[in-house]
Amino acid sequence: MGKADFLSPKAISNRIKSKGLQKLRWYCQMCQKQCRDENGFKCHCMSESHQRQLLLASENPIKFMDFFSQEFKNDFLELLRRRFGTKRVHNNIVYNEYISNREHIHMNSTQWETLTDFTKWLGKEGYCKVDETPKGWYLQYIDRDPETIRRQEELEKKKKQDLDDEERSAKFIEEQVRRGREGKDEVKFGETDSHFSSLGPSVLQAAASVKRKESGHASETKEKKKKSALEEIIEIEEKKKSVRTDNWLQPDIVVKVITNQLGEKYYKKKGVVKRVQDKYAAVVKMIDSGDKLKLDQSHLETVIPALGKQVLVLNGAHRETLAILDSIDEKNFSARLILDSGPLKGKTIDGIPYEDFSKLA
């Protein structure tokens, strides 16, 4: 009997049946073939191709089992890393998502008999943190990617620097409070005039001269204190923002998609950042189509508006400050901005790279 035509009801029915998951007991891992029923699986086991595969496997069965085990482990960990990250998740949830792919490696062809054994092995080898609960075993992926480790180290350095800045601010406030208390004590010096008058005119004259000198010195130091306090506050605020960070995304800025993985529909198109997630990802609403996409900052770039338009500074000493685009230096890929907010409003700053500011929506 000949094979049914491609558009015949029988052929369409066979293609519908072949979609989706089938029963595991009718799957041949060695040949990577899924049969739909017991008769089909029996015919496959009697076929010449299956017998050749069995002969190959019988020569070195350990090699084939190690290969399938390695493939199963790699695919499982890749799904766990991409789908759940470093979150704590039940092992059965991950396994159900893994087996939803028809082409997955079946566990009965690996060195692990059960999912629990595989979970324990992951914890023993240091791939994941595992813990047993009354509801079952839970997994937590350990990310050892160099880029992720570098980001974590930078975040720890930034937190440490923020703590150092807070400690300096606290010491500065304590110093100002101490100086203020000393100034009050100097004012109370005049209450001892009656005591000095009883000691004679010479002592009284000497005390008066000392008092005038100290009062003049106190007035001068007060003016210096006011100026130095303002300067120190500005320095502290600038130091907090002067450290460059590797994340620059901010809400309500206009960005351009620079990846072509999403197709020509979005490539080189502009959108507005609606929300920033985990510092390095953003929900972008495309201006032309209105579609919302979740993109990493590596797939986006800043947008330079026309001269005189308002921009937002994204990095450097004036981070998160509004500014006006004054001029552009095309040779050095930089621009001159006029700050439009903050304590330094009206100040002109030169040499701001293109990637450090973007157009506001």
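Read the figures in this text as sums done on the coordinates, not as results from a lab. What you see is a predicted model; the values in this text were computed from it and never measured. Ideal geometry is used to build each Cβ from the backbone, glycine not excepted, and the neighbour counts take in all protein chains shown.
Kindly state, to the nearest 0.05, the FRET efficiency for GLU103 paired with ARG81, given R0 = 22 Å and r defined as their beta-carbon distance.
Details: r = 19 Å, r/R0 = 0.87.
Here the calculated transfer efficiency is 0.70.
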Rg and Dmax of segment 304-361, Cα atoms only, in Å: 9.9, 31
For a quick check: sort ARG83, ARG181 by the number of other beta carbons within 10 angstrom, fewest at the front. ARG181, ARG83
If each of SER298 and GLU125 carries a label point 7 Å out from its Cα toward its Cβ, how far apart are those two points in nm? 2.5
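I need the calculated FRET efficiency for the pair ARG275 and LEU54, taking r as the beta carbon distance and R₀ as 41 Å, to the nearest 0.05.
Numbers: r = 56 Å, r/R0 = 1.35.
E(calc), rounded to 0.05, equals 0.15.
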Give the long-range amide H neighbours of ARG275: residues separated by 5 or more places, or on another chain, with amide H under 5 Å away, using H modelled in the peptide plane at 1.01 Å from N. VAL283
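Could you tell me the relative contact order of segment 304-361? Use alpha-carbon pairs under 8 Å, at least six residues apart, and round to a whole percent.
On the way: 122 pairs, mean separation 20.6, N = 58.
RCO, segment 304-361: 36 percent.
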Report the full-extension gain for the segment ILE258 to ALA11: residue separation times 0.36 nm, less the Cα-Cα distance, to one decimal in nm. 84.6 nm
Take the Cα of MET286, step 7 Å along the line toward its Cβ, and report every residue of segment 343-361 whose backbone nitrogen sits under 20 Å from that point. 361
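Beyond 19 Å between alpha-carbons counts as too far, so tell me which of LYS160/LYS345; LYS265/LYS292; LYS159/LYS274; LYS285/LYS359; LYS268/LYS294; LYS157/LYS347 fall in that bin.
Working: LYS160/LYS345 30 Å; LYS265/LYS292 13 Å; LYS159/LYS274 26 Å; LYS285/LYS359 15 Å; LYS268/LYS294 16 Å; LYS157/LYS347 30 Å.
From LYS160/LYS345; LYS265/LYS292; LYS159/LYS274; LYS285/LYS359; LYS268/LYS294; LYS157/LYS347, over 19 Å: LYS160/LYS345; LYS159/LYS274; LYS157/LYS347.
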Determine, at each q value in 0.17, 0.21 (inverse angstroms), the log₁₀ of I(q)/I(0) that the Debye formula gives when each Cα of segment 28-160 is one equal point scatterer. -0.98, -1.23
